[in-house]
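**Student:** Provided herewith is a single structure, encoded as structure tokens, for subsequent inquiry.
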Amino acid sequence: MTALMWFRRDLRLTDNPALLEAVRAGNGQVCGLFVLDAALWDAAGDPRRDHLISSLKSLRDSMDGKLVVRRGDPAKIVPDLAADLGADSVHIAADYGPYGGRRDDAVEKALDCPLVTTGSAYAIAPGRVLNGSGRSYQVFTPYFRAWLEHGWRQPVDAPDDVEWIGKQGDALPKSEPVDDAGERAARAHWQNWLETVADYDDERDRPDLDSTSRMSVPLKYGEVHPRTMLADLARLRSKGAEAYRRELAWREFCADLLHRNPHAAWKPLRSEFEKMDYDEPDDAFTAWCEGKTGYPVVDAGMRQLAESGFMHNRIRMVVASFLVKDLHVHWKYGARWFMKTLRDGDLASNSLNWQWVAGCGADASPYFRIFNPITQGKKFDPDGAYVRRWVPELAGLDGKKVHEPWLLPDPPEDYPAPIVDHAEARQESLRRYAAIK
Ligand SMILES: Cc1cc2nc3c(=O)[nH]c(=O)nc-3n(C[C@H](O)[C@H](O)[C@H](O)COP(=O)(O)OP(=O)(O)OC[C@H]3O[C@@H](n4cnc5c(N)ncnc54)[C@H](O)[C@@H]3O)c2cc1C
């Protein structure tokens with residue numbers, strides 16, 4: 001017996017139920033495959049590509065160098081390799097994204113042996129959390145209660161005694177090495193960070209403290225499974241651990257929503273927003289992408305993104321609100337920019353959070369709740385340290401002054417003036433919203 005394990009968003013050996021199933025089916029003889037699929041590769045930017053390649057190298061090392069990486073269409077590559085191996089089964093973790101579902105159907109049709117699905121990238125698979133009448137949830141808080149009640153299985157160990165079967169693969173594309181990629185680094189990072197989780201509830205909204213877990217990246221590539229994290233959290237009793245569990249549930253809620261509404265990747269969940277009047281992306285959109293809007297906290301966020309491939313959650317909300325409600329640009333352009341530039345770019349979490357900010361999502365922030373970029377900066381970056389760190393033109397300004405440089409008698413000459421007046425932009429947004437209500 002031989003089994004083929006097709007890795008996708010589960011680049012790990014520990015707590016990987018699909019891999020355990022492959023090992024069982026193959027009596028310990030498993031070939032591990034990753035397909036570099038142009039449909040996904042081309043849509044990603046360098047931060048995601050670099051992380052993926054480093055993570056694949058790490059996975060390959062943990063498989064005695066035997067991971068087979070091939071480039072091309074999975075509907076051809078997977079059946080070809082399965083036939084070449086004489087595999088009795090191909091094993092995957094379920095993919096609930098719109099593209100992943102179509103791709104897996106095509107692979108299943110093209111295979112001469114069963115495609116066996118075990119587990120997913122979530123503690124509870126999308127579509128499983130239902131209310132008393134068997135319906136899914138539109139609103140997070142009741143979803144969260146039902147999600148907790150539903151519960152999840154305990155993590156499983158890595159398989160022992162696997163005989164990895166090697167086959168000719170394609171060379172990995174050239175990429176910048178990423179030090180913290182891969183299962184081992186992800187687990188070490190998580191264990192380290194867990195020691196500080198008690199403070200999470202109090203500090204998670206403060207970009208200047210940089211104290212969130214940064215686990216979105218390992219979760220994106222499946223270097224750690226969320227239920228491994230949930231099992232660790234369950235051993236702790238702090239408010240911080242509880243708050244963190246709730247955030248993991250947000251990730252699962254987004255995946256649940258996208259699974260049930262595949263169009264939500266790029267179209268509003270609330271259909272009245274189809275009629276919303278947006279402006280075409282122009283120079284103001286470019287200024288937003290480049291972090292040159294003249295609003296310090298927005299610019300700090302966009303530059304953090306460009307330079308590091310990451311942005312703090314509070315700041316993601318602020319810059320998203322600014323694009324949609326101050327510049328009146330459709331959220332899909334911002335979401336696309338995020339998917340190119342974020343290392344944790346994840347279709348479900350990204351699109352559903354953009355919809356939340358843009359007011360057109362399921363359990364969205366009301367449209368008229370328009371973030372003021374100045375007060376958000378003063379509240380969540382009270383001493384201005386976050387702005388100073390990412391906007392060097394403002395690094396010489398003290399304290400809160402950094403959030404309104406235009407009020408200074410001598411504003412820094414190399415920093416732009418605000419490209420829009422927030423109060424006017426807000427009124428314009430409300431006017432456009434009134435037209436579709
Ligand atoms: C406009 C916008 C776009 C976003 N795009 C993405 C994206 O592409 N990929 C992504 O993983 N997250 C996205 N998020 C959610 C969130 O900002 C990130 O998950 C978080 O900032 C990652 O940092 P962290 O791991 O340090 O978070 P922590 O605060 O340590 O949170 C722990 C984990 O909980 C989950 N989580 C936290 N907040 C959210 C949330 N609002 N929605 C879903 N899951 C959440 C993540 O898995 C995160 O790793 C987006 C949020 C906004 C407002």
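**Student:** Considering only the range 238-259, state which residues are open to solvent by 50 Å² or more (accessible area, probe 1.4 Å), more than 13 Å from the ligand (Cβ to nearest atom) and over 18 Å from the mean Cα position of the chain (by Cα).
**Tutor:** 239
**Student:** Looking at the range 38-50, is at least one residue open to solvent by 20 Å² or more (accessible area, probe 1.4 Å) and on the phi > 0 side of the Ramachandran plot?
**Tutor:** No, every residue in the range 38-50 fails to be open to solvent by 20 Å² or more (accessible area, probe 1.4 Å) and on the phi > 0 side of the Ramachandran plot.
Here is a yes/no grid of residues against (1) under 18 Å from residue 171 (Cβ atoms); (2) outside the structural domain of residue 214 (by TED's automatic domain parsing); (3) over 23 Å from the mean Cα position of the chain (by Cα); (4) touching a residue at least 40 places away in the same chain (Cβ under 8 Å):
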{"position": "54", "(1), (2), (3), (4)": "yes, yes, no, yes"}
{"position": "63", "(1), (2), (3), (4)": "yes, yes, yes, yes"}
{"position": "72", "(1), (2), (3), (4)": "yes, yes, yes, no"}
{"position": "84", "(1), (2), (3), (4)": "no, yes, yes, yes"}
{"position": "92", "(1), (2), (3), (4)": "no, yes, no, yes"}
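**Student:** A further question follows. Among the residues of the range 166-186, is there at least one that is modelled with pLDDT under 95 and either out of contact with any Ser or Thr (no Cβ under 7 Å at 6 or more places or on another chain) or buried (at least 19 other Cβ atoms within 10 Å of the Cβ) (or both)?
**Tutor:** No, that holds for no residue.
**Student:** If we keep just the residues of the range 281-310 that are in a helix (DSSP H, G or I), farther than 17 Å from residue 380 by Cβ and acidic (Asp, Glu), which is nearest to the ligand (Cβ to nearest atom)?
**Tutor:** The qualifying residue nearest to the ligand (Cβ to nearest atom) is 307.
**Student:** Here's something else I'd like to know. Can you find a residue in the range 399-408 that is open to solvent by less than 10 Å² (accessible area, probe 1.4 Å) and either closer than 30 Å to residue 137 by Cβ or at pLDDT below 95 (or both)?
**Tutor:** So far as the range 399-408 goes, no, none of its residues is open to solvent by less than 10 Å² (accessible area, probe 1.4 Å) and either closer than 30 Å to residue 137 by Cβ or at pLDDT below 95 (or both).
**Student:** If you check 303, 314, which single one turns out to be of a type in the set (Lys, Arg) and touching a Pro at 6+ places or on another chain (Cβ under 7 Å)?
**Tutor:** Of 303, 314, the one residue that is of a type in the set (Lys, Arg) and touching a Pro at 6+ places or on another chain (Cβ under 7 Å) is 314.
**Student:** Quickly run through the range 323-343 and pick out the residues that are away from the ligand (no atom under 11 Å from the Cβ) and within 19 Å of residue 373 (Cα to Cα).
**Tutor:** 325, 326, 327, 328, 329, 330
**Student:** Still on this structure, please answer the following. Do you know which of the residues in the range 197-237 that are aliphatic (A, V, I, L, M) and within 8 Å of the ligand (Cβ to nearest atom) is surrounded by the most Cβ atoms within 10 Å (Cβ to Cβ)?
**Tutor:** 217
**Student:** Out of all the residues in the range 51-77, which are surrounded by 15 or more Cβ atoms within 10 Å (Cβ to Cβ) and basic (Lys, Arg)?
**Tutor:** Of everything in the range 51-77, those that are surrounded by 15 or more Cβ atoms within 10 Å (Cβ to Cβ) and basic (Lys, Arg) turn out to be 57, 60, 66, 70, 71.
Okay, residues lined up against (1) hydrophobic (A, V, I, L, M, F, W, C); (2) assigned to a helix (DSSP H, G or I); (3) surrounded by 14 or more Cβ atoms within 10 Å (Cβ to Cβ):
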position: 128; (1), (2), (3): no, no, yes
position: 132; (1), (2), (3): no, no, no
position: 141; (1), (2), (3): no, yes, no
position: 149; (1), (2), (3): no, yes, no
position: 157; (1), (2), (3): no, no, no
position: 161; (1), (2), (3): no, no, no
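**Student:** Exactly one condition in (1) modelled with pLDDT of 95 or more; (2) farther than 28 Å from residue 175 by Cβ; (3) touching a helix residue (DSSP H, G or I) at 6+ places or on another chain (Cβ under 8 Å); (4) surrounded by 14 or more Cβ atoms within 10 Å (Cβ to Cβ) is false for residue 136; which is it?
**Tutor:** Exception for residue 136: condition (1).
**Student:** Of the numbered conditions (1) in a loop (DSSP other than H, G, I, E, B); (2) aliphatic (A, V, I, L, M); (3) closer than 20 Å to residue 3 by Cα, residue 44 fails exactly one; give the number of that condition.
**Tutor:** (3)
**Student:** Is there any pair with a first residue in the range 368-384 that is under 27 Å from residue 276 (Cα atoms) and a second that is part of a loop (DSSP other than H, G, I, E, B) and open to solvent by less than 50 Å² (accessible area, probe 1.4 Å) whose Cβ atoms are under 7 Å apart and which are 6 or more apart or on different chains, and what are they?
**Tutor:** Close Cβ pairs (under 7 Å, with a partner that is part of a loop (DSSP other than H, G, I, E, B) and open to solvent by less than 50 Å² (accessible area, probe 1.4 Å)) amount to 373/295; 374/404.
**Student:** Still on this structure, I have one more. Answer with yes or no whether residue 245 is touching a Leu at 6+ places or on another chain (Cβ under 9 Å), under 25 Å from residue 136 (Cβ atoms) and basic (Lys, Arg).
**Tutor:** Spelling it out, residue 245 is indeed touching a Leu at 6+ places or on another chain (Cβ under 9 Å), under 25 Å from residue 136 (Cβ atoms) and basic (Lys, Arg).
The values are calculated or read from the model by the stated rules, or taken from the named source; none is laboratory data. On a predicted model such as this, the values are computed, not experimentally measured, just so you know. Virtual Cβ from ideal backbone geometry, glycine too; neighbours counted across all protein chains shown. All accessible areas refer to the heavy atoms of the entire protein, side chains included, with ligands and DNA or RNA removed. Shrake-Rupley method; radii C 1.70, N 1.55, O 1.52, S 1.80 Å.
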